[in-house]
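Reviewing the structure listed below.
The values are calculated or read from the model by the stated rules, or taken from the named source; none is laboratory data. Keep in mind it's a predicted model, so treat the numbers as computed, not measured. Methodologically, a virtual Cβ is constructed for each residue, glycine included, from the backbone with ideal geometry; neighbour enumeration extends over all protein chains shown.
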Amino acid sequence: MPLSREKIAATAIRLADAHGLDGLSLRKIAKELGVGPMRLYDYVTNRSELLDLMVDVVYARIADVGQHSEWRSTVLTIAQATREAALEHEWFADLLGGRPHLGPHALAVGEANAAALSEAPAVRGIDDLQRALGALNAFIIGAVRREVTERRTARSAGTDEAAFQASLGPYLTGMLKTGRYPTIARLVIDGAHLNAEETFNHNLALVLDGITSRPRT
């Protein structure tokens, strides 16, 4: 049976989508492909290399969104594509912000992001660019991981996210009645259940506004 790194990566991604990274191993991939485990070592040396390969496949899809003539549009599009990729492949969120992603497609996405941010009005040098990239990446990684974690928590409870939050009602109501958490009470009682995509885009815009309007020091 002909093998390739692309075929191995595609099978690994399918297994990780279904069972998560904890359920992924070279042995299971080999079984799925109908070959002996040792065959895979001609293409990937270990699990770490396999994960890097899988990650770069996802980055290839993010890179496909392309670049725009205006820096902000490019950054927004890449960030939104990253969120969509993490929701489609939740294991990808687990690997964001960990070891450096240095595959060709990951580097292409990083280059597009950095080049776009370098055009932002308040980015006037390499130090500004490093800080801007750090702020942007910290937001994206944190927001995506939180959203994926909430989805997993809801699934583990056997319900959807809104129903899971409602199940916490009796306990939370009791805590809020103590009067010790007035601001949280306002958020719970008066705040709407915000749409995750709209919230991501809104907060992303705030981050970019901050990068754009940062005063000269």
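Just one residue in the set 81, 16, 60 is touching a Phe, Trp or Tyr at 6+ places or on another chain (Cβ under 6 Å) and part of a helix (DSSP H, G or I); that residue is 16.
List every residue pair whose Cβ atoms sit under 7 Å apart, with the two residues 6 or more apart in sequence or on different chains, where the first one lies in the stretch 120-133 and is assigned by TED's automatic domain parsing to the domain that holds residue 205 and in a loop (DSSP other than H, G, I, E, B) and the second, anywhere, is of a type outside the set (Val, Ile, Thr) and at pLDDT 90 or above. Short answer, once both residue conditions are applied: 120/71; 120/132; 122/128; 123/117; 123/129; 123/132.
Considering the stretch 63-78, and only residues there that are without any contact (Cβ under 8 Å) to a residue 40 or more places away in the chain and either in contact with a Gly (Cβ under 8 Å, 6 or more places away or on another chain) or assigned to a helix (DSSP H, G or I) (or both), the residue that is surrounded by the fewest Cβ atoms within 10 Å (Cβ to Cβ) turns out to be 73.
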